[in-house]
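Down below is the structure, laid out as structure tokens.
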Amino acid sequence: IDNNSGSSDAFQLTVGSSLAGGVVGPLPDGWAANFYKADASGNPTGQPLTSTELLAPNTIGDATTNHYVAVVQIPNDPAKAPANYIADNDGDVELEMMDANSDGDGDQPIFIQITSANSGSSDVMVDAIDVDPIRDITLTPPGANQIQPGGSVDYNHTLDNTGNTDEQLELTASNSLNPEGWNNSIAVPVDHDNDPNTPPINKPLSQLQPGDLVEGTDTDGNPITMPVTDDDTDGNPEITLPAGVEVPLTPTVFAPSDAAPG
């Protein structure tokens, strides 16, 4: 940090993920950052700081230089550290993507601002963090049940994107005992009235049509809808499951009337 004024001054240190009207906005949920005085190698030393000490003014043509380091903590929850970060970074209500390393995905911007205690003047620099992709989906739990000949039984499952990338999934099911007369269906919750305050209805995969809205929930319990597509035109429904979103699935197994005991 250079004090280019004519008098000693201290500077407030601020970090955030956006800059609008000269004001740095907060970091996303789960992210944190602290400032430290840096040693000669750029490593943090001492306790976290919110402002600099009093810095001497520039008196000999070159500003007095003091070194600080911002240590950014990335959330443990992959859903809060997306590999492709896209957001309104400048307050214009338009989404922007910062691709600092030109790898094709959006990087997390880090705006660092210093503000003079004497004059209120400020300066801002921007860094970016490219978060590695974590691709992980889970279907839980495995289960077992009993059934009567000619009866049916439901299994409640959860399809969960536990990574930090959006995943396009094709929803299909097969039954190894189908030739013996066993059958199955799978139902998913569908938003039928475009009202987040009313519960969705369960709809079998075989009845889903492109444009239907499958409903899941994010890590905070908020409803998230995902439009059904069939991009490969094979008749099987597809959804794009965002990071941190889960969808309940209800497989139902039907036994033939002549099913043998055991």
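Within region 241-261, being touching a residue at least 12 places away in the same chain (Cβ under 8 Å), open to solvent by 30 Å² or more (accessible area, probe 1.4 Å) and not small (Gly, Ala, Ser) holds for Pro242, Glu246, Pro248, Val253, Phe254, Asp258. Which residues, taken from region 1-14, are open to solvent by 40 Å² or more (accessible area, probe 1.4 Å) and at pLDDT 95 or above? Within region 1-14, Gln12 is the sole residue that qualifies. Taken over region 227-240, residues that are surrounded by 14 or more Cβ atoms within 10 Å (Cβ to Cβ), β-branched (Val, Ile, Thr) and in a loop (DSSP other than H, G, I, E, B) amount to 1. Look through region 187-211, keep the residues that are touching a residue at least 24 places away in the same chain (Cβ under 8 Å) and open to solvent by less than 50 Å² (accessible area, probe 1.4 Å), and return whichever of them is farthest from Ser174 (Cα to Cα). Checked region 187-211; the qualifying residue farthest from Ser174 (Cα to Cα) is Asp191. Can you pull out every residue in region 26-49 that is part of a strand (DSSP E or B), under 26 Å from Lys80 (Cα atoms) and either free of Cβ contacts under 8 Å to residues at least 12 places away in the same chain or open to solvent by 60 Å² or more (accessible area, probe 1.4 Å) (or both)? Correct list: Asn34, Pro44, Pro48. Inside region 15-24, can you point out the residues that are small (Gly, Ala, Ser) and either surrounded by 17 or more Cβ atoms within 10 Å (Cβ to Cβ) or modelled with pLDDT of 95 or more (or both)? Matches in region 15-24: Gly16, Ser17, Ser18. Number of residues in region 50-60 that are of a type in the set (A, V, I, L, M, F, W, C), open to solvent by 30 Å² or more (accessible area, probe 1.4 Å) and either touching a residue at least 24 places away in the same chain (Cβ under 8 Å) or under 25 Å from Val131 (Cβ atoms) (or both) equals 2. Total residues in region 235-253 satisfying the condition of being farther than 13 Å from Pro189 by Cβ, among the hydrophobic types (A, V, I, L, M, F, W, C) and at pLDDT 95 or above: the figure is 2.
Here is a check on your reading of the model: is Thr219 surrounded by 12 or more Cβ atoms within 10 Å (Cβ to Cβ) and within 30 Å of Lys80 (Cβ to Cβ)? Criteria met by Thr219. Taken together, the residues in region 141-169 that are in a strand (DSSP E or B), over 12 Å from Ala243 (Cα atoms) and open to solvent by less than 80 Å² (accessible area, probe 1.4 Å) amount to 5.
Listed conditions (1) open to solvent by 50 Å² or more (accessible area, probe 1.4 Å); (2) of a type in the set (A, V, I, L, M, F, W, C); (3) in contact with a Phe, Trp or Tyr (Cβ under 7 Å, 6 or more places away or on another chain) are all met by Val69, apart from (1).
The values are calculated or read from the model by the stated rules, or taken from the named source; none is laboratory data. Treat the numbers as computed from the prediction; the structure is a model and nothing was measured. In this analysis, Cβ positions are derived from the backbone assuming ideal geometry, glycine residues included, and neighbour counts consider all displayed protein chains. What goes into the accessible areas is simple: the full protein's heavy atoms, side chains included, and nothing from ligands, DNA or RNA. Shrake-Rupley method; radii C 1.70, N 1.55, O 1.52, S 1.80 Å.
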